[in-house]
Number of protein chains: 4
Amino acid sequence: MIKAGIVGISGYSGMTTLDLLLKHPEVRVTYVSANNTTGKVTDIWPQFKGKIRLMCQKFDLKKAVELCDVIFLAVPHTISMELAPALLKAGKKVIDLSGDYRLSNARDYKKWYGSAHKDCHNLKKSVYGLPELYREDIKKAKLIANPGCYPTAAILALAPLTAIYSELIQSVIIDAKSGVSGAGRKASVMFNYCEVNENFKAYKVFNHQHVPEMELILSKISRMPVAINFVPHLLPVNRGILETIYVQLNDKISLVDIHKIYERFYKTEPFARILAAGQQPELKNVTHTNYCDIGIDIHAGKKLLVITSVIDNLVKGAAGQAVQNMNIMEGFKEEEGLL
Amino acid sequence: MIKAGIVGISGYSGMTTLDLLLKHPEVRVTYVSANNTTGKVTDIWPQFKGKIRLMCQKFDLKKAVELCDVIFLAVPHTISMELAPALLKAGKKVIDLSGDYRLSNARDYKKWYGSAHKDCHNLKKSVYGLPELYREDIKKAKLIANPGCYPTAAILALAPLTAIYSELIQSVIIDAKSGVSGAGRKASVMFNYCEVNENFKAYKVFNHQHVPEMELILSKISRMPVAINFVPHLLPVNRGILETIYVQLNDKISLVDIHKIYERFYKTEPFARILAAGQQPELKNVTHTNYCDIGIDIHAGKKLLVITSVIDNLVKGAAGQAVQNMNIMEGFKEEEGLL
Amino acid sequence: MIKAGIVGISGYSGMTTLDLLLKHPEVRVTYVSANNTTGKVTDIWPQFKGKIRLMCQKFDLKKAVELCDVIFLAVPHTISMELAPALLKAGKKVIDLSGDYRLSNARDYKKWYGSAHKDCHNLKKSVYGLPELYREDIKKAKLIANPGCYPTAAILALAPLTAIYSELIQSVIIDAKSGVSGAGRKASVMFNYCEVNENFKAYKVFNHQHVPEMELILSKISRMPVAINFVPHLLPVNRGILETIYVQLNDKISLVDIHKIYERFYKTEPFARILAAGQQPELKNVTHTNYCDIGIDIHAGKKLLVITSVIDNLVKGAAGQAVQNMNIMEGFKEEEGLL
Amino acid sequence: MIKAGIVGISGYSGMTTLDLLLKHPEVRVTYVSANNTTGKVTDIWPQFKGKIRLMCQKFDLKKAVELCDVIFLAVPHTISMELAPALLKAGKKVIDLSGDYRLSNARDYKKWYGSAHKDCHNLKKSVYGLPELYREDIKKAKLIANPGCYPTAAILALAPLTAIYSELIQSVIIDAKSGVSGAGRKASVMFNYCEVNENFKAYKVFNHQHVPEMELILSKISRMPVAINFVPHLLPVNRGILETIYVQLNDKISLVDIHKIYERFYKTEPFARILAAGQQPELKNVTHTNYCDIGIDIHAGKKLLVITSVIDNLVKGAAGQAVQNMNIMEGFKEEEGLL
């Protein structure tokens, strides 16, 4: 049994991390904290009544170090880079669910997140926690940059193509739709029920902070620059992301061939499922699970490939992937607590 | 053509009032204000783009008086009683959508709304704006206390019985369910999409500030005290209230007889519709309309009457009823702008 | 490891049973059938892709008997009583999720379900599968009548009162609200998205087939007849039931006292949670779980008790309770697979 | 006053047509029919109670001809081409909301709708009822092919570009999202509440029957072939379509310039609204209205234009546009009954 702590328990990612860890046979949650709320965790999240007696406190480094082996940072960006250095120094493993350690350099961070990076030292050493691509690095990692929700769905959908046939890619458009929990849990008229329900809209057109993360990883895999045109939309559901990805190809390829490449690429992966050629994934088949379902279709005449990818933004897009990373780091069965 | 002003345009009731008045052939909206937002109304409510060029300003008494014949106060309670006195003094007609002028005495106001009443003078002179009961008084009124959303559905559902057979009533339980717009438009985690969607709960059990309003009016009609046991619930829809009203009777009455009483009571009313005996009303038949649909059923053996009542909380429960009151006050056709 | 079969896999209850059993360490699902759909289960329910290779067949008694130790009947009423006798005769344990074995006599069945009962023999021997009340009987049972969703929430909410203070009860009104999955999975305009979304209505007023089931069990517990006035409503959510239960009392009792009785009654129960006095339960705290959360409030002056009870209709109201019953019958840990 | 008939009153388009015509000062609805339902219209659509006494009948040519000046066909495709010829022959004006008269030749109809066309004579004479492009033809038309919902949003969004700068267009991808009423009102598990709510998916990828309609009209406007890559998705809302349209350009153009072109193109149009450059349209600003809101943004570096277009599929995408066409045909004010 290892001892785990969750910083940021009052948000949806922190809550989902707790929910998953409570079902995990190898983990005991020993510490939780939040910045604006203290008291019983069951007062913040009554669904845990009868399951835990944890008290939520303001973050306290000494206690966190004393009580935990591994710490999940489920806090807004800019907070993680304030907390991680000391935790790492104290020899703890850190899994950061924020965007603070995902980009490779401080300049890009400043550009997309609007703040100077305060921990360039660890930024260089962090491992991008997408197990399907970086499992071996994750095994040895001390600091995991847990991928963003949009990038998880996008990179898994594009990885086989970029890794094997990057020269085929002429341009990529991602039309993404995310459930509302992706925006976090904050008081804002913009996310009030009546503003979102029976509504739909695009936002941050070509301008979302997850773009450089996708481009960075996909460019690494393909060993050439991959540019992403990304338009996210706000979907009136609690959970789930669907991305419809249009790849204009330089050359013809058959649906059968491209489908085979995808099936092979993820053959042994426990959480990436390739649907039959032409079949479309649906949110409801992955919500409350750690799966990413991927559908592939092609408009042969126009050399236009359409890859559709769905995940639960709180599970494979956040807490589930964080637990998957922990399992790999700790040598547990990778699916433990996630099926 | 009369000139109308709306104070509190950034809320749902103010917006709905504007929407209705724009379709009204006898009214021109000449003034709108809000406290925290200024600028083009179409920046707050883009749905009006192309229809209006109104600018929203902080409330200014002089301008309101200068530009308007009638003023709709769609502001939170305690604000109306600060604005109404001067407007009335200046000879303007005021239709107040808040709770400030609905109760008959300042003591009850203090008890249920938590603040001392600042305008007892006009509190006594206000007319309760439920046309089905007080049409004659409304015709002559200068200050309308526009009924609350829950009381509108409740009083219309109980008025025939209390007016004609009050001695039959042993006890009344109202199990009410309201859409989220009833809570207004404010930044609050509690009303965030993910907290309300796929959720349902009771709140303010026996303790809602609309209770004394129902009891006051129903007691007046029945000429004896009527006590209401009221439990509201938050329904995951944008608009609409359904109240399931259980009346324990002192004596037997047949469904046919009670149904006849209701049909007769509302025979000439344009906006109260009595369904066939045993038929149940649905929200979707009244949303975006000024109708109140009422269903009647009975458990004869148990002398238990069930009256179900539905309205759109923003229309018959707020802005639509306000416009209906204006029509009556101004001598317009009562349905004008509402069908 | 025991071998389990599910008859009626194409419905929501059958699917949820499968979902729970797949996570259960002591059970292997060896047989599934449906009447109108055959082929891979993952073609009916793609969320199970990668987890199972089961084929769905038309029901075949011989195969079911050969392959299973325990059989879950997740079929519409009238079908169970056709299948159960032979399965029982073959020595199999049967957990019936339909209404076929819940009432105590064939006359009531005919009256409320509209068909003659075809298996009076086993009707007498079935055990009502509500563990909080009948755990000892369930241990020895061969045929479980798994409780209805509405009765589960109602009986758990009323059991402490009826068991201990039945003389206090003057009358009971249950205002129930159920998510749409309670209606099953069938082609019907009535349950089309556009007919249910942004809508709300009552149905089967005083006339729901779950009423005799509630009255039967509550009367048994209280050793006197308990009559239930029951009005269900269709709630625009996928899952979850909330019942607001109004009990008119014959005498005064304090909130503190009644709350204590409830806490004591369910003190050792793993799935019944009594909230703090005056606190209201919410659907979202129990959906996707086997919990029943119960809130208690009182209007002391009026001797009116309000008990609110929430469950997930597919879990504690169907499949979860069925698995809980199986755990008890098989001597497994009662919470196994359910936390 | 003209006399109007609606064939297909039991569907959502027929109902919305009735709703709009009831508010229209120049029209009296004198005839309604449906194939599977007869009796009072208010039994099918209780929201009209108190407003109409119309009886719904099986379609009867003689009656329709006798009672109506103009007839709205709100029926499934293949039915319209059976009814229209006789109505036209009798000198009636016909506005067909189905797809039967939208394509220019019977071959394409057979390919995309799967049936042979039975009325090639009128197919050639029908006028495509998109007022923003064909107002003059509509004035003189006897048979209107009312545009499909997806094509309305797509063509209005692309018309300025294709009409003025078609040589700029390299390729067009339309990622469309439609509310559930777009699927019509039929008994089908696929559109049951629980299957659609909290779900999202693509369907008919590159294969929707509205594609040839878009390509036909846009090619006409641009005087060169325009190919559309179209992927529709099912959105969990009752009403509304949002299309995110990606146009890969052959050359650079500034956002300011392209925005000016759009503003000018629709300068005098009552129902097409161009938002400020970079601003995104939302469903909720157009639902229950006849507006089409269009947002324009550009990724200058990548020569990638993004046009987003929203309409209410039942209003501007069906019944509202049909009424707009009627207004033009009859010489009424074009906005009559639509604001």
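Points to keep in mind about this one:
- Of all residues making up the stretch C:265-302, the number that are open to solvent by 40 Å² or more (accessible area, probe 1.4 Å), touching a residue at least 40 places away in the same chain (Cβ under 8 Å) and either among the acidic types (D, E) or out of contact with any Asp or Glu (no Cβ under 7 Å at 6 or more places or on another chain) (or both): 2
- If you go through the stretch A:283-309 and keep only what is over 19 Å from the mean Cα position of the chain (by Cα) and among the acidic types (D, E), you end up with just A:D297.
- Residues of the stretch D:52-60 include none that is open to solvent by 30 Å² or more (accessible area, probe 1.4 Å), out of contact with any strand residue (DSSP E or B) (no Cβ under 9 Å at 6 or more places or on another chain) and without any contact (Cβ under 8 Å) to a residue 60 or more places away in the chain.
- Checking each residue in the stretch A:223-249 for being open to solvent by less than 10 Å² (accessible area, probe 1.4 Å) and charged (D, E, K, R) picks out only A:E243.
- Scan of the stretch D:179-210 for residues that are farther than 18 Å from A:V237 by Cβ and within 11 Å of chain A (Cβ to nearest Cβ), ordered by number: D:K204, D:V205, D:F206, D:N207
- Scan the stretch D:1-48 for residues that are free of Cβ contacts under 8 Å to residues at least 40 places away in the same chain, open to solvent by 40 Å² or more (accessible area, probe 1.4 Å) and in a helix (DSSP H, G or I) and the total you get is 2.
- Inspection of the stretch D:234-253 finds no residue satisfying the criterion of being more than 9 Å from chain A (Cβ to nearest Cβ), on the phi > 0 side of the Ramachandran plot and out of contact with any strand residue (DSSP E or B) (no Cβ under 6 Å at 6 or more places or on another chain).
- Residue-level analysis places D:Y134 outside the set of residues that are within 20 Å of D:P160 (Cα to Cα), in contact (Cβ under 8 Å) with a residue 60 or more places away in the chain and among the aromatic types (F, W, Y).
- Enumeration of residues in the stretch B:280-292 that are facing chain C (nearest Cβ under 10 Å) and not hydrophobic (A, V, I, L, M, F, W, C): B:Q280, B:P281, B:E282, B:K284, B:N285, B:T287
- If only residues of the stretch A:76-106 that are basic (K, R) and more than 21 Å from the chain's Cα centre (by Cα) are counted, the one that is nearest to A:A4 (Cα to Cα) is A:K92.
- Flag for B:V205 being open to solvent by less than 30 Å² (accessible area, probe 1.4 Å), closer than 19 Å to C:V196 by Cα and in contact with an Asp or Glu (Cβ under 8 Å, 6 or more places away or on another chain): no
- Of residues in the stretch C:42-81 being charged (D, E, K, R) and farther than 21 Å from C:L22 by Cβ, the one farthest from the other protein chains (Cβ to nearest Cβ): C:K62
- The single condition from (1) open to solvent by less than 20 Å² (accessible area, probe 1.4 Å); (2) within 11 Å of another protein chain (Cβ to nearest Cβ); (3) over 21 Å from D:P46 (Cβ atoms) that B:N325 fails is (2).
- Yes/no for C:E167 being touching a residue at least 24 places away in the same chain (Cβ under 8 Å) and within 14 Å of chain B (Cβ to nearest Cβ): no
- Flag if C:E82 is assigned to a helix (DSSP H, G or I), more than 21 Å from C:A187 (Cα to Cα) and touching a residue at least 12 places away in the same chain (Cβ under 8 Å): yes
- Test: D:I173 is more than 8 Å from chain A (Cβ to nearest Cβ) and among the β-branched types (V, I, T): no
- The helices (runs of 4 or more DSSP H) falling completely within the stretch A:103-168 that include 2 or more residues that are more than 21 Å from A:K316 (Cα to Cα) map to A:106-113, A:120-125, A:149-165.
- Qualifying positions in the stretch B:23-59 - over 25 Å from the mean Cα position of the chain (by Cα) and either within 24 Å of B:Q324 (Cα to Cα) or among the small types (G, A, S) (or both): B:G39, B:G50, B:K51, B:I52, B:L54
- The set of residues in the stretch A:293-304 that are within 11 Å of chain D (Cβ to nearest Cβ) and touching a Phe, Trp or Tyr at 6+ places or on another chain (Cβ under 8 Å) comprises A:I296, A:D297, A:H299, A:L304.
The values are calculated or read from the model by the stated rules, or taken from the named source; none is laboratory data. Being a predicted model, the structure only gives us computed values, none of them experimental. Using ideal geometry, Cβ is built from the backbone for each residue, glycine included, and neighbour counts are taken over all protein chains shown. Side chains are part of the model used for accessible areas, which takes the heavy atoms of the whole protein and leaves out ligands, DNA and RNA. Shrake-Rupley method; radii C 1.70, N 1.55, O 1.52, S 1.80 Å.
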